[in-house]
Amino acid sequence: MTAQPTQTTAAERDASRGRISESRVPTRMGDGFMVEMTRSELRADIEEATQLAARKAKCPPLEADEQEHLLDIYASRASFTAVDVGEQVVLSCDGGGSKMTGTDLQDLLESEQRFGQDILELWHIEYSYKAIKTILPFQQQIMQNAQLLVTAPVQYGAQPNLAFYSKPDGPADNWFELLPRGDIPGARAAIEEAMEYATKDFIFVSEGMLDAGADGMDFDTTGGAGDADFFSTLRAVKHVREKYPEAGIEVGMAGEFVIGVHGELEWEGRRLAGMWPRQQLEVCQDAGATIYGPAVNIRTTKSCAWNIAYALTVIKPCMEVARIPVHPNVGEGVVGVPVNGYPPEDAVSRAAKACVEILRCDGL
Amino acid sequence: MDVTHALAAGMGGIRTAGDLVARMQMTRGMRLAEAKRYVADKLGCTERDLSDSYAMEQIRGEKGLGRILDHSNLHPGEPNAMYAKFRIAELLGIKINSVERFKELAGI
């Protein structure tokens, strides 16, 4: 019998000579810069990220088939990708629109009639509850007028921004100056004073906008100033839920991990500092939120494939315990979307598809 | 970026039934599958129809739920905006805040 020649691929022959001939596909780094990577390199990034995320958040890594599906999404040369027909999700567009179309009313109409947004959001460029308090009647009038002109639900959105309540911007002592001096009791007292002002403002604005006809409130970038920022918001959410049982309340987070600036704050016996998305969701839904938006900040020096694998790993535990819709934040610089003023469509669409198909999320 | 997300994964707002499913998430805290089932039952269509602009253009027109308006699709005399929201509230069995506010201020 004649021996058959061994069949090998070009890649195997090159690998045996220490060369790699695997084709490279264009992909993105976390800052949006386009690079070329092989499928093996993308696979390695996904594996590394999900293992790291699992260790940090103390949750399971993505399953093998989920990693393979992510790889298929990211190792593609397509300039755009999308979810399957019928698998589309609700878009709650915090800070949506452009603010460059003339007026807020035109902006909302454009978002509804041209962009096809599912939940519209009225917001002011000074996107902070403390600032909005001073112009509330103007925002209320726009909301009332907008509600006459649009069909889709319109919520009102702003950020808690607790740090604005500390000196020199606000009345409370500045805990970020007290903490480095070791004055921990003084810093905590300052934080607690600021929290009182903040919750009052969040409630004042929420009541004003809901009385003007808003379909809901959006607390966007919650926890940006740490656990006290989160606590102030949860208190307002609870109040609004009790007073307006049918109102939508969205709590979108600032990051994957609640920083313990105060360190001792608890919500119904659960310490807020150090919470990952699953625990964040649990306190949000218990407080009365109807939509929870996890955020995972992007690492600019890592690929988008690495970033989405990391983000999905820490968010996935939410999906098992959620009683309310989960809308991962996919704006600039979060959950696989590059930090860039003009996030590239190839990267943005891949992040959206990955969230929907891996997490089975309820919206974005 | 808004447009990218809308094309990649969004239901389509009032082009489809995205606003209706969104209202069930906002007012009742329903998760996506439950909200889609609820709205599809109320409309008498399939869940896939909910994000199909062809199907929903017909259904929204028949039920007076408001449609996209442009130069080739004008529907004077058909409910839109606040008019449509009265019908949406009734169809979905929910209270829409702006509709309640409108009734109060108009003395209805």
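Which FRET efficiency value, to the nearest 0.05, do you get for A:GLU22 and A:ALA78 by plugging their Cβ-Cβ distance into 1/(1 + (r/R0)^6) with R0 = 30 Å? Result of the calculation: an efficiency of 0.95. Per-peptide packing, taken as the mean over residues of other Cβ atoms within 10 Å, places A:299-311, A:226-238, B:63-75, A:42-54 in the sequence A:226-238, A:299-311, A:42-54, B:63-75 from highest down. Here the relative contact order of segment A:70-227, from alpha carbon pairs under 8 Å that lie six or more residues apart, stands at 24 percent. Taking only the C-alpha atoms of chain A, Rg followed by Dmax gives 23.0, 93 Å. Using C-alpha pairs under 8 Å with a sequence gap of at least 6, the mean separation divided by the residue count of segment B:24-108 gives a relative contact order of 19 percent. Ranked by the mean number of other Cβ atoms within 10 Å of their residues, highest first, the peptides A:189-196, B:24-31 come out as B:24-31, A:189-196. Just so you know, the Rg over Rh for segment B:2-106 is 0.96, from Cα atoms, with Rh as the Kirkwood radius.
If the segment from A:MET34 to A:ASP183 were pulled out straight at 0.36 nm per residue, it would be longer than the present Cα-Cα gap by 49.0 nm. Based on Cα contacts under 8 Å between residues 6+ apart, segment A:86-165 shows a relative contact order of 34 percent. Shielding value for A:78-85 is 2, the average number of Cβ atoms from other chains within 10 Å of each residue's Cβ. Taken as Cα centroids, segment A:80-101 and segment B:68-98 sit 21 Å apart, rounded to the nearest whole angstrom. A cut-off under 11 angstrom between Cβ atoms defines the neighbours of A:ILE142, and their net charge, with Lys, Arg +1 and Asp, Glu -1, is -2. Return the loop-located GluC sites (Glu not before Pro) in segment A:60-119 (DSSP other than H, G, I, E, B) with at most 14 other Cβ atoms within 10 Å of their own Cβ; answer none if there are none. Answer in residue order: A:GLU63. Each other residue within a Cβ distance under 13 Å of A:GLU68 adds +1 if Lys or Arg and -1 if Asp or Glu, for a net charge of -4.
Peptide B:27-37 has a mean shielding of 6, counted as Cβ atoms of other protein chains within 10 Å of each residue's Cβ. A full extension of the chain between A:VAL339 and A:ASP211 corresponds to an added length of 42.4 nm, given 0.36 nm per residue minus the alpha carbon distance. Available extension along the chain between A:LYS56 and A:ARG270 is 75.1 nm, counting 0.36 nm per residue and deducting the alpha carbon span.
Across peptide B:93-101, the average count of Cβ atoms from other chains found within 10 Å of a residue's Cβ is 5. Centroid-to-centroid, using Cα positions, segment A:212-249 and segment A:273-316 are 18 Å apart.
Using the Cβ-Cβ distance between A:LEU149 and A:VAL321 with R0 set to 22 Å, the FRET efficiency from 1/(1 + (r/R0)^6) comes to roughly 0.05.
As a rough guide to protection, the peptides A:314-322, A:150-158 ranked by mean Cβ packing within 10 Å, highest first, stand as A:150-158, A:314-322. The residues packed around A:PRO338, meaning those with a beta-carbon under 12 Å from its beta-carbon, carry a net charge of 0 if Lys and Arg are +1 and Asp and Glu are -1. For segment A:109-141 and segment A:148-193, what is the separation of their C-alpha centers, rounded to whole Å? Segment A:109-141 and segment A:148-193 have Cα centres separated by 21 Å. Across A:ALA214, A:ALA131, A:ALA352, mean-square fluctuation computed from a Gaussian network of chain A (C-alpha pairs under 10 Å connected) peaks at A:ALA131. Using 24 Å as the Cα-Cα cut-off, could you pick out the over-long pairs in A:LYS167/A:LYS200; A:LYS133/A:LYS238; A:LYS200/B:LYS95; A:LYS243/B:LYS95? Among A:LYS167/A:LYS200; A:LYS133/A:LYS238; A:LYS200/B:LYS95; A:LYS243/B:LYS95, the Cα-Cα distance tops 24 Å for A:LYS200/B:LYS95. With a simple spin-label model that places each label point 7 Å from the Cα along the Cα-to-Cβ direction, the separation between B:GLU34 and B:SER72 comes to 4.1 nm.
Across segment A:70-107, the residues whose backbone nitrogen lies under 15 Å from the label position 7 Å along the beta-carbon direction of B:TYR54 are A:85-86.
Please give every one of the lysines within straight-line cross-link reach of A:LYS316, meaning a C-alpha to C-alpha distance under 20 Å, and leave out same-chain neighbours fewer than 8 residues apart. Cα-Cα hits under 20 Å: A:LYS56, A:LYS58, A:LYS353. With a simple spin-label model that places each label point 7 Å from the Cα along the Cα-to-Cβ direction, the separation between A:ASP65 and B:LYS63 comes to 3.4 nm.
Every number in this text was worked out from the coordinates using simple rules, so none of it is lab data. In this text, all values refer to a predicted model and were calculated from it rather than measured experimentally. So basically every Cβ, Gly included, is an ideal-geometry build from the backbone, and we count neighbours across all protein chains shown.
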